[in-house]
Amino acid sequence: MLDPATDLVDAYSSAWVTVLPSMREAFGLVLVESLACGTPIVAVAGSGGPAEIVQPGIGVLASEATRSALAAAIAQALDLDDRDACRREATQHYGWDEAIVPLLLEVYGN
C-alpha cells in the first residue's frame, strides 16, 4: 500500500511516463499529478478532460485507445525529457495559487 504523503510522489517522480488510456474520465487528475512531479503524460485523443491536459512538450496524445496507438504515443513521450516544463505546466494551469484561486475569485468575486 502506498503512503499517500510520500510514496505517490516518489512513484510519479521515478516514472518515465504516466499513461491514462481511459476514454471516460471527466478530468484526469492523475495526469496533473504526474506533471507536477515532472513526468510526461499520455492520453487518448477524444478522451475529454485528459486529452485537454496534454500539450506539446509535456505529453502525447494517442490517436486511439488501442495497444499499437498507445505504444506509439508512449515511445514518443519517452523522448520528452524536460521535467521542468512538466512542472511549469502543472503549476501555471492547475496550481492553487497560480490558477485555481484566481479563477474562483473571478467567478465568485472578491
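Just so it is clear, none of the values below were taken in a lab; they were calculated from the coordinates. Computed from a predicted model, the values in this text were never measured in an experiment.
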Problem set entry | Listed residues Thr39, Thr18, Thr66, most fluctuating in the chain (Gaussian network, C-alpha, under 10 Å) | Thr66
Exercise. How much of the DSSP beta bridge set in the chain is antiparallel, as a percent to the nearest 5?
Worked result: 0
For this session: Match the structure shown to one of the listed values (i) 14.9; (ii) 14.4; (iii) 13.7 of Kirkwood radius over Cα pairs in Å, computed from it, and give that label.
Result: (ii)
Exercise. What is the gain in length, in nm to one decimal, between Gln76 and Phe27 on full extension, counting 0.36 nm per residue of separation less the C-alpha to C-alpha distance?
Worked result: 15.4 nm
Exercise. How large is the helix-only mean residue ellipticity at 222 nm for the chain, computed as the sum of -39500 (n - 2.57) over DSSP H runs with n ≥ 4, divided by its residue count, in deg cm²/dmol to the nearest 500?
Worked result: -13000 deg cm²/dmol
